[in-house]
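The values are calculated or read from the model by the stated rules, or taken from the named source; none is laboratory data. Note that the coordinates shown come from a computational prediction; the quantities given were computed from them, not determined experimentally. Heads up, the Cβs are rebuilt from the backbone with ideal geometry, glycines too, and the neighbour counts pull from every protein chain shown.
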Amino acid sequence: MNDTTEKETTLKNRKKREKRGLQAEMSFLEHLEELRWHIIRSVLAIVVFAVVAFILKDFIFDVVILKPKTPEFFTNRMFVKLGELIHSEAIMINQKELNLIAIKMADQFMIHIMVSIIAGLIIASPFVINEFWMFIRPALYDKEKKYASGAVFYTSVLFLLGILFGYYLIVPLSIHFLGSYSISEEVVNQINTRSYISTLTSISFASGVVFLIPVFSYFLSKVGILTPQFMKTYRKHAYVVMLLLSAIITPPDVFSQIMVCFPLVFLYEIGIMISRRVVKKREKELDEM
C-alpha cells in the first residue's frame, strides 16, 4: 500500500516538474517570438528610411555627406571668421577642397547603397531604441519603470546630439587634418570615396555613443556595475584619453582642442553625478528595507 502511494506521489511530482518545464519553455519561446517581432519592426523602419535616403541621393550626398570637406560648410566658414577675428590662419580649416576618387567600377553604386542604409539607421534610431525598450520594459518593476520612463527620449536625443556634434565639429577637423597631412611633397593625396565616407560615419557614430555616457552611467549604476568612486578614480585617465583624441583630430592650436574636449569632459562629469545619485537612492532603499 505504501509502495503504491509512493509511486503515485512520485508520478505526480514528475508530472508537475514536466508541466513547469513545459511552461518555462513556452514562456522562453514566447519571449523569443516577442523579440523577433521587435527586431522585424526595427529592420522594417530602417529599410523604409533607407529607401527614402536612396531616392534622395542628391540631398544625402551633395548636402550632407560631401559638404564637410568644402569651404562652404557651416563649420569651416565659422572657423574662417574666427581665424580672421583672432588673426590666425592655423584654424582656417578645409579651404582647399578635397578631391575624392572611386577606384572600382561598382564603387559609386555600392557606396550609394551603404550610405542609404546608414542614413536609414540614423533616422530610425529613435524607433529602434523604442522597440527594444518595449521588449525590456515588461521585465522591470513598477518603480524601475517610473525611474526609466524617459529612457527612450533621453537616449534618442543624446545619441542624435552626439552624431550632430561629431558631424559638425569633429568631422571637419578630422578631414582637414587627415586630408592635408603629408609625409613628402612627392606623395599626392588621392582619397578614396569609400575611405572618406567610412571616416565620416565612424566618427559620427562614435560621437553618438560617447554622448550616451549619462545613459550608460545610469543603467550601469542601477545594476551595481558602475560606481561614482570608480569614475572618480579613473577620471584623470579619461581626461588624458580625451585630450589625446582632441589633439590628434584638431589643428595645432589650444582653442580647437578645448572645443572638442570640453563637451566630452562635461558628459563625463554628468555621468559621475548621475551615478552618485543612483547609488545614493539604492542605498536609501536598502536601509528602508
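Condition check ((1) of a type in the set (D, E); (2) under 30 Å from I122 (Cβ atoms); (3) at pLDDT below 90) across all residues:
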position: T4; (1), (2), (3): no, no, yes
position: T9; (1), (2), (3): no, no, yes
position: S27; (1), (2), (3): no, no, yes
position: H38; (1), (2), (3): no, yes, yes
position: P71; (1), (2), (3): no, yes, no
_Restricting to the range 80-92, name every residue that is of a type outside the set (K, R), under 21 Å from G166 (Cα atoms) and either at pLDDT 90 or above or not in a helix (DSSP H, G or I) (or both)._
V80, A90, I91, M92
*Just to be sure, is E269 modelled with pLDDT under 80, over 30 Å from F109 (Cα atoms) and either touching an Asp or Glu at 6+ places or on another chain (Cβ under 7 Å) or in a helix (DSSP H, G or I) (or both)?*
no
*asked:* Could you tell me how many of the residues in the range 63-79 are surrounded by 15 or more Cβ atoms within 10 Å (Cβ to Cβ) and assigned to a loop (DSSP other than H, G, I, E, B)?
replied: 3
*Before we move on, is I248 at pLDDT below 85 and assigned to a loop (DSSP other than H, G, I, E, B)?*
no
*Hey, could you check the range 93-127 for residues that are touching a Phe, Trp or Tyr at 6+ places or on another chain (Cβ under 6 Å) and outside any helix (DSSP H, G or I) and say which is surrounded by the most Cβ atoms within 10 Å (Cβ to Cβ)?*
I93
_Out of everything in the range 157-212 that is touching a residue at least 60 places away in the same chain (Cβ under 8 Å), of a type in the set (A, V, I, L, M, F, W, C) and within 21 Å of I122 (Cβ to Cβ), what residue ends up being surrounded by the most Cβ atoms within 10 Å (Cβ to Cβ)?_
L173
